[in-house]
Amino acid sequence: MKVIKLNIPKEPQFFSSVRLLTSGLLMSYQLDFDQIEDVKAAVNEGLNIAMKHDCSLDIDLEYRISEEKVEIEISGFCPNVTDETSEETELAKTIINCLVDESRIEEDKLQLIINLV
């Protein structure tokens, strides 16, 4: 399994770099252009959710790539925080669920799973 870790400031101007990294990593695997675009959009929605939480100045991303799947973990969420923009967050979660094979939101992180087989 390959593990790639990235830490970015919680500022939107760095999101395009994350999308570019995501695209570059996924191009090496059996995903077509539309699948890669879907994953990039899901990652972007996850970054947008993390932006709404003030408990951390950074967003940590971890890409775990095996022969069967790609797992992308986005950390930077506040545990046990009631989100004032919960309607927007729920919409983002719905979008994410439509774009990747599996997603989980735990207290302080979002996990995206993309099956390669």
* Counting other beta carbons within 10 Å of each Cβ, put Ile105, Ile65 in order, fewest first. => Ile105, Ile65
* For the chain, can you list the cysteines whose C-beta has no other cysteine C-beta under 4.7 Å from it? -> Cys98
* Structure fact -> Given Cβ charges of +1 for Lys and Arg and -1 for Asp and Glu, the option among Met51, Val39, Ile8 whose Cα lies farthest towards the positive end of the dipole of the chain is Ile8
* Structure fact -> For the Asn48, Ile4 Cβ pair and Förster radius 25 Å, calculated FRET efficiency rounded to 0.05 is 0.75
* To do: At q = 0.12, 0.20, 0.21, 0.22 Å⁻¹, work out log10 I(q)/I(0) for the chain with the Debye formula, treating every Cα as an identical point scatterer and leaving solvent out; two decimals please.
  => -0.38, -1.08, -1.20, -1.31
* To do: Taking the Cα centre of region 2-115 as origin, sum charge times position over the Cβ atoms of Lys and Arg (+1) and Asp and Glu (-1), and report the length of that vector in debye to the nearest 20.
  => 400
* Structure fact -> Given a Förster distance of 25 Å, the FRET efficiency implied by the Cβ-Cβ spacing of Tyr29 and Glu90, rounded to the nearest 0.05, works out to 0.25
* Asked: Expressed as a rounded percentage, what relative contact order does region 2-115 have, with Cα pairs under 8 Å and six or more residues apart?
  -> 29
* To do: Provide Phe77, Phe14 in ascending order of the number of other Cβ atoms located within 10 Å of each residue's Cβ, fewest first.
  => Phe14, Phe77
* Asked: Sorting Asp58, Asp108 on the 10 Å Cβ count, fewest up front, what's the list?
  -> Asp58, Asp108
* Where a label projected 7 Å from the Cα of Cys78 along Cα→Cβ would reach, residues of region 85-117 with amide N under 15 Å -> 85-86, 89, 107-109
* Asked: Given a Förster radius of 25 Å and the C-beta distance between Cys55 and Gln13 as r, what FRET efficiency does 1/(1 + (r/R0)^6) yield to the nearest 0.05?
  -> 0.75
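Coordinate-derived values only; no laboratory data. The model shown is predicted, which means the values in this text are computed figures rather than measured ones. We place every Cβ from the backbone using ideal geometry, glycine too, and count neighbours over all the protein chains shown.
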